[in-house]
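**Student:** Sharing a structure with you now.
The values are calculated or read from the model by the stated rules, or taken from the named source; none is laboratory data. Predicted, not measured: the structure shown is a model, and the values here were computed from it. A quick note on method: Cβ atoms are made from the backbone with ideal geometry, for glycine too, and the neighbour counts reach across all protein chains shown.
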Amino acid sequence: MITVNSRKYDGSIRRSWKCELSGRDDSLLTLVGEFDSDVEHPDLGHIRKGTISYEYFWFDRWYNVFRFHEPSGNLRNYYCNICIPPIFADDVVDYVDLDIDILVWPDFSYFILDREEYRVNATAFGYPAELSANVEVALNELLEVIDARELPGVPADFATSMSNQRGSG
């Protein structure tokens with residue numbers, strides 16, 4: 001089992017959970033986990049026990065991507081985090097979550113979340129200018145990936161058949 005720690009900029013743990021290692025190469029770590037209880041999420045709504053989470057952590061990108069599937073196997077949504085690239089050692093993935101998230105529905109409509117939380121934390125923690133620049137680059141790169149339907153696990157025929165819809169939040 002792999003432990004994943006989502007940390008705040010000060011290093012404190014925001015959330016922690018367990019997953020299984022699904023794959024690893026020089027630039028990408030892939031994990032899979034299962035929700036062991038129902039969860040009420042302010043943006044995602046009700047997540048049922050048994051929902052599967054496919055988690056993609058790149059060692060050279062300032063974001064990660066979670067692909068959620070209902071217990072039935074149907075794609076539920078994607079949840080993307082802007083973050084400092086992870087560190088993986090001793091069966092632990094540690095990453096610093098930089099607050100901005102993107103919720104992507106199966107029709108590829110999406111909502112950018114937590115911009116205000118980012119602004120508050122940037123001030124509170126004194127995010128350096130270089131970090132803020134990386135956040136903007138990562139956000140733009142991730143939006144391009146979403147618009148191109150190139151999120152992990154999207155079947156090629158699905159990606160080309162959907163219309164491009166954009167939302168903001």
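**Student:** Just to verify a result, which residue in region 11-65, among those that are over 29 Å from residue 137 (Cα atoms) and either among the acidic types (Asp, Glu) or touching a residue at least 60 places away in the same chain (Cβ under 8 Å) (or both), is surrounded by the fewest Cβ atoms within 10 Å (Cβ to Cβ)?
**Tutor:** Here the answer is 40.
**Student:** Tell me which strands (runs of 3 or more DSSP E) are completely within region 55-108 and hold 3 or more residues being more than 19 Å from residue 34 (Cα to Cα), or say none if there are none.
**Tutor:** Passing ranges, in order: 87-89, 92-104.
**Student:** Could you grab me the full set of residues in region 80-133 that are surrounded by fewer than 19 Cβ atoms within 10 Å (Cβ to Cβ), charged (D, E, K, R) and within 22 Å of residue 150 (Cα to Cα)?
**Tutor:** The one that is surrounded by fewer than 19 Cβ atoms within 10 Å (Cβ to Cβ), charged (D, E, K, R) and within 22 Å of residue 150 (Cα to Cα): 107.
**Student:** Of the residues 67, 7, only one is within 23 Å of residue 111 (Cβ to Cβ) and either out of contact with any helix residue (DSSP H, G or I) (no Cβ under 6 Å at 6 or more places or on another chain) or modelled with pLDDT under 95 (or both); which?
**Tutor:** 67
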